[in-house]
Amino acid sequence: MTQYSTKNPLEEETRSIRMIDPCSLVIFGATGDLMGKKLAPALYNLGREGMLPANFTAVGFARREKNHEQFRNELKDHINTYSRVKPIDETFWKSFEKQLFYHRSEFDDDEGYRSLDAFLKDLDSQFATRGNRIFYLSVQPKYFPIIIEKLKQHGLLYDSHDQSKWSRVIIEKPFGRDLESAKWLQGEISKYLDESQIYRIDHYLGKETVQNILVFRFANSIFESIWNYKHIDHVQITAAEDLGIGTRGHFYEEEGFLRDILQNHMMQLLSLVAMEPPVSLNAAAIRDEKVKVLQSIRPFTEDDFKQHIVRGQYGKGFINGQDVVGYRQEQNVNPSSNVETYAAMRLFIDNWRWAGVPFYLRGGKRLPKRATEIAIIFKDAPGVLFQHGEKRTDPNILVIRIQPDEGIALKINCKVPGPSSPIQPVKMDFRYGSYFGKSAPEAYERLIWDCIMGDSTLFARVDEVEQSWKIFTPLLQFWEKQTSNFPNYASGSWGPQASDDIMTKDNRAWRIL
Ligand code: BG6
């Protein structure tokens, strides 16, 4: 069950740290981008803050040749670059690195799994990790089935009813490429794993500000009565990044923006903002309510595809003080690629709470700044007192800033001091950083820790994933048949002109507060 209290749940749980089972974590794809930038810093910070089990080891599994020592040194460099707390604490590192190991193998090589099994058993006897295992699949999605099959074949995955030891598998997103492939993948992995052993990661759910959406909505009495179609005009969800695709050309050519961000991260935000109060805070209750939101989304029509949905791809441009190349000129990208790096759309949730309220979603790479926000735009106040024929007040807007500058802001109308009484919108702003005076744990810290604890609340359940694919698969199929006019937005701009048109058709405008 997810812990919600007035303190950081990770810290709260430190008191019961002895309750955490010992275990070994095996990371497949341990020489990749995610390991260096996110997983290694997360493990280091969990270790440094005393959040890992007392008996713990981590083993990197990858295809490149290297020894334990080289692996540890590389991780140290990554931690020094990417950790939220720097520089590395040398004293802690000296003892921590002794728990980190490297295992070289191809993903389909039986011998590699046989020797992994022997190696983990050896670590069990040295570190008293008691046979408990987490396998983290940070690899291209095409390798998921073979790795899981080989793990099972070589006795590394246990029966979920085994009382003496446990095994869990963390699977990176995207889970499938569309509804059919997600179902196929689920069919494959469920031959070897029970649902309770599968942790489908969507790291947005590990972000403090995303978890706070539930607290904000359901621990405060003032919001619930206005959180519906009677008071809310529309909702906007923006996930903008100033970065391009960097070195991930292969990945992006396979996936594109919709599969990379929209189908998972953005739909999680939408579900949390729109869901009904769950009956309790346990994993099933929260996921049940989230999936109902997805089930209530009105299926897109051909008219939606043409009028209310836009895809884009960045061209060259100027951003953060420098000239940058277009997507088609990036490394490992087809020079006539039709892959989208941007999408914007309008959708409706056909249930009682949200009847008639449009939800507008937009996001992409190489936009002017990094900003992930949810904006709730309230209906206008009656114009009788202050409008006098012309519109002089702005709507109230509540913004949940997921990142950066995590916090919540409320835009309200205010009288400017003085006799002429003009009205001006002002912003009440709560910022996590300045209020709590410390950096929040990274999403991956929380999620690795939850998996060690066996809590799947902040992971995506299979019906959520499939429901989300059900919404977007027809759109992906439509796009496949259309020729694109890419590139259609310059790097450093807010996306294609057509995405503004989605809003102007409805007499609205995109907002970043
Ligand atoms: C990842 C995507 O899941 O999320 C990346 O694959 C994206 O393309 C990243 O850049 C964004 O994560 P965050 O935490 O920086 O918003």
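The values are calculated or read from the model by the stated rules, or taken from the named source; none is laboratory data. This one's a predicted model, so the numbers in the text were calculated from it and none came from an experiment. Please note: Cβ atoms are built from the backbone with ideal geometry, for glycine as well, and neighbour counts cover all protein chains shown. What goes into the accessible areas is simple: the full protein's heavy atoms, side chains included, and nothing from ligands, DNA or RNA. Shrake-Rupley method; radii C 1.70, N 1.55, O 1.52, S 1.80 Å.
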Next on the checklist: Considering only residues that are within 18 Å of ARG133 (Cβ to Cβ) and of a type in the set (Phe, Trp, Tyr), which ones fall in segment 92-118?
Outcome noted: PHE101, TYR102, PHE107, TYR113
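Check PHE119, PHE107 and return the single one that is more than 28 Å from ASP202 (Cβ to Cβ), touching a residue at least 60 places away in the same chain (Cβ under 8 Å) and open to solvent by 10 Å² or more (accessible area, probe 1.4 Å). Reasoning before the result, please.
Working: PHE107 fails: more than 28 Å from ASP202 (Cβ to Cβ).
Residue meeting the stated conditions: PHE119.
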Checklist outcome for this item: Residue pairs qualifying under the 9 Å Cβ cut-off, at least six apart or on distinct chains, with the first in segment 191-214 being within 16 Å of ASP405 (Cα to Cα) and the second being within 15 Å of the ligand (Cβ to nearest atom) and of a type in the set (Lys, Arg), are LYS207/ARG446; GLU208/ARG446; THR209/ARG401; GLN211/ARG446
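Is it the case that some residue within segment 358-373 is among the hydroxyl-bearing types (Ser, Thr, Tyr), within 16 Å of the ligand (Cβ to nearest atom) and open to solvent by less than 50 Å² (accessible area, probe 1.4 Å)? Even if it seems obvious, please write down each step before you answer.
Applying the first criterion (among the hydroxyl-bearing types (Ser, Thr, Tyr)) to segment 358-373 yields 360, 372.
If we keep only those that are within 16 Å of the ligand (Cβ to nearest atom) as well, we get 372.
From the residues that got through so far, the ones that are open to solvent by less than 50 Å² (accessible area, probe 1.4 Å) too are 372.
Checked against the condition, which is being among the hydroxyl-bearing types (Ser, Thr, Tyr), within 16 Å of the ligand (Cβ to nearest atom) and open to solvent by less than 50 Å² (accessible area, probe 1.4 Å), segment 358-373 yields at least one hit.
Between LYS411, LYS481, LYS438, LYS470, which is modelled with pLDDT under 90 and of a type in the set (D, E, K, R)? So that I can check it myself, show each step before the final result.
On the way: LYS411 fails: modelled with pLDDT under 90; LYS481 fails: modelled with pLDDT under 90; LYS470 fails: modelled with pLDDT under 90.
Checking each option against the conditions leaves just LYS438.
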Next on the checklist: Within segment 467-490, does at least one residue satisfy the condition of being open to solvent by 10 Å² or more (accessible area, probe 1.4 Å), outside any helix (DSSP H, G or I), out of contact with any Gly (no Cβ under 8 Å at 6 or more places or on another chain) and β-branched (Val, Ile, Thr)?
Outcome noted: yes
Checklist outcome for this item: Of (1) of a type in the set (Val, Ile, Thr); (2) outside any loop (DSSP other than H, G, I, E, B); (3) under 29 Å from the mean Cα position of the chain (by Cα), ILE88 fails just (2)
Checklist outcome for this item: Residues in segment 256-277 that are farther than 17 Å from GLN467 by Cβ and either away from the ligand (no atom under 16 Å from the Cβ) or open to solvent by 10 Å² or more (accessible area, probe 1.4 Å) (or both) total 2
Item to check | Positions within segment 133-158 being more than 19 Å from GLY187 (Cβ to Cβ) and either more than 31 Å from the chain's Cα centre (by Cα) or open to solvent by 10 Å² or more (accessible area, probe 1.4 Å) (or both), in sequence order | outcome: SER138, VAL139, GLN140, HIS154, GLY155, TYR158
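Answer yes or no as to whether PHE96 is in contact with a Lys or Arg (Cβ under 9 Å, 6 or more places away or on another chain), part of a helix (DSSP H, G or I), surrounded by 15 or more Cβ atoms within 10 Å (Cβ to Cβ) and in the same structural domain as PHE144 (by TED's automatic domain parsing).
Numbers: in contact with a Lys or Arg (Cβ under 9 Å, 6 or more places away or on another chain): yes; part of a helix (DSSP H, G or I): yes; surrounded by 15 or more Cβ atoms within 10 Å (Cβ to Cβ): yes; in the same structural domain as PHE144 (by TED's automatic domain parsing): yes.
Yes; evaluated as a whole, the condition is true for this residue.
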Checklist entry - Do you know which of the residues in segment 298-326 that are modelled with pLDDT of 95 or more and assigned to a loop (DSSP other than H, G, I, E, B) is nearest to the chain's Cα centre (by Cα)? => result GLN313
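Condition (residue is β-branched (Val, Ile, Thr) and closer than 20 Å to ASN264 by Cα) applied to segment 185-198: is it met by at least one residue? So that I can check it myself, show each step before the final result.
Here is the first cut: in segment 185-198, the residues β-branched (Val, Ile, Thr) are 189, 198.
Those still in the list that are closer than 20 Å to ASN264 by Cα too: 189, 198.
Yes, there is a match, as at least one residue in segment 185-198 is β-branched (Val, Ile, Thr) and closer than 20 Å to ASN264 by Cα.
Any residue at all in segment 285-297 that's among the small types (Gly, Ala, Ser) and away from the ligand (no atom under 16 Å from the Cβ)? Walk me through how you get there before you give the answer.
First pass over segment 285-297, keeping only residues among the small types (Gly, Ala, Ser): 285, 296.
From what's left, away from the ligand (no atom under 16 Å from the Cβ): 285, 296.
Looking through segment 285-297, at least one residue is among the small types (Gly, Ala, Ser) and away from the ligand (no atom under 16 Å from the Cβ).
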Next on the checklist: Just checking, does segment 245-254 include any residue being farther than 26 Å from VAL465 by Cβ and away from the ligand (no atom under 16 Å from the Cβ)?
Outcome noted: no
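Taking the condition within 26 Å of TYR44 (Cα to Cα) and surrounded by 15 or more Cβ atoms within 10 Å (Cβ to Cβ), does ARG64 pass? Even if it seems obvious, please write down each step before you answer.
Numbers: within 26 Å of TYR44 (Cα to Cα): yes; surrounded by 15 or more Cβ atoms within 10 Å (Cβ to Cβ): no.
No; evaluated as a whole, the condition is false for this residue.
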Checklist entry - So which residues in segment 205-244 are buried (at least 22 other Cβ atoms within 10 Å of the Cβ), modelled with pLDDT of 95 or more and under 17 Å from the mean Cα position of the chain (by Cα)? => result ILE237, THR238, ALA239
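Within segment 152-195, track down each residue that is within 27 Å of LEU120 (Cβ to Cβ) and hydrophobic (A, V, I, L, M, F, W, C). Explain how you work it out, then say what you get.
Within segment 152-195, the subset within 27 Å of LEU120 (Cβ to Cβ) is 152-173, 175, 185-186, 188-195.
LEU156, LEU157, TRP166, VAL169, ILE170, ILE171, PHE175, LEU185, ILE189, LEU193 - these are the residues of segment 152-195 that are within 27 Å of LEU120 (Cβ to Cβ) and hydrophobic (A, V, I, L, M, F, W, C).
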